[in-house]
Amino acid sequence: CALPISSFSCIIDGKYFSGEGNDQFAYAAYIMQGGRLNFVLMPIIAGQKGIPQQMNFFVADKGITIVHGTDNHDYSVVYSEANAMDNNYTCKEMTVTITSSGKSRVTGTFSGTLIEPKTGRNVPVTDCKFDIPYSTYSKN
């Protein structure tokens, strides 16, 4: 059973990052224990070689989550460039807002600052939104 089309978009350090599709892992959210939500935003590009760029989120399953680095181990936001899985951008501060969470979909926005791993430079993340279904593997 295919999931409905999902979409996300944002600007990371001035570069557009977006995708749409219905993959069970790249475009779906998972309800975790303790009222947490996990989702990965990862553009799937036909013919792409290697590991795609991606953002991985662990946030509250409703309302606003403000992630401050590693202050709270229940919540995190990590970004990886394509083929750079061992060179993760960590979260300096990110605000993730769940604007709607129904039985089948979750929508929201996010923005904040990541830390570039090699230089420690602040990387802005702006104009971000997502509209994704819950995975059929989710516990919701």
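List, in the order given, every pair from Lys15/Lys118; Lys92/Lys118; Lys62/Lys103 whose Cα-Cα distance in the structure shown is over 20 Å.
none
Compute the distribution of all C-alpha to C-alpha distances in the chain, in bins of 10 Å from 0, and list the percent of pairs in each, rounded to whole numbers.
12, 45, 35, 7, 0
Provide the per-residue ³J(HN,Hα) series for the stretch 35-47, in order, calculated from phi with Karplus coefficients 6.51, -1.76, 1.60 and θ = phi - 60°, each as a whole number of Hz, with x at glycine and proline positions.
x, 9, 10, 10, 8, 10, 9, 8, x, 9, 10, 4, x
Which chymotrypsin sites (Phe, Trp or Tyr not before Pro) in the stretch 94-140 sit in a loop by DSSP (not H, G, I, E or B) and have at most 16 other Cβ atoms within 10 Å of their own Cβ?
Tyr137
State in Å² the accessible area per residue of the chain; use a 1.4 Å probe, count heavy atoms of protein chains only, and round to the nearest integer.
So the chain comes to 54 Å² accessible per residue, rounded to a whole number.
Normalised by the number of residues in the chain, what is the relative contact order in percent for Cα pairs under 8 Å and 6+ residues apart?
Worked out over the chain, it gives 26 percent.
List the equivalent ellipsoid semi-axes of the stretch 75-136 in whole Å, largest first, each obtained as the square root of 5λ for an eigenvalue λ of the Cα gyration tensor.
26, 14, 8
Return the loop-located chymotrypsin sites (Phe, Trp or Tyr not before Pro) in the stretch 24-54 (DSSP other than H, G, I, E, B) with at most 16 other Cβ atoms within 10 Å of their own Cβ; answer none if there are none.
Phe25
Not counting the cut sites, what is the longest span of the chain without trypsin sites (Lys or Arg not before Pro) that DSSP labels loop and that have at most 12 other Cβ atoms within 10 Å?
So the longest stretch without any such site is 50-102.
Of the heavy-atom accessible surface of the chain (probe 1.4 angstrom), what whole percent is carbon and sulfur?
52
The values are calculated or read from the model by the stated rules, or taken from the named source; none is laboratory data. All values reported here derive from a predicted model rather than from experimental measurement. Methodologically, a virtual Cβ is constructed for each residue, glycine included, from the backbone with ideal geometry; neighbour enumeration extends over all protein chains shown. These accessible areas exclude ligands, DNA and RNA; they are computed on the full protein's heavy atoms, side chains included. Shrake-Rupley method; radii C 1.70, N 1.55, O 1.52, S 1.80 Å.
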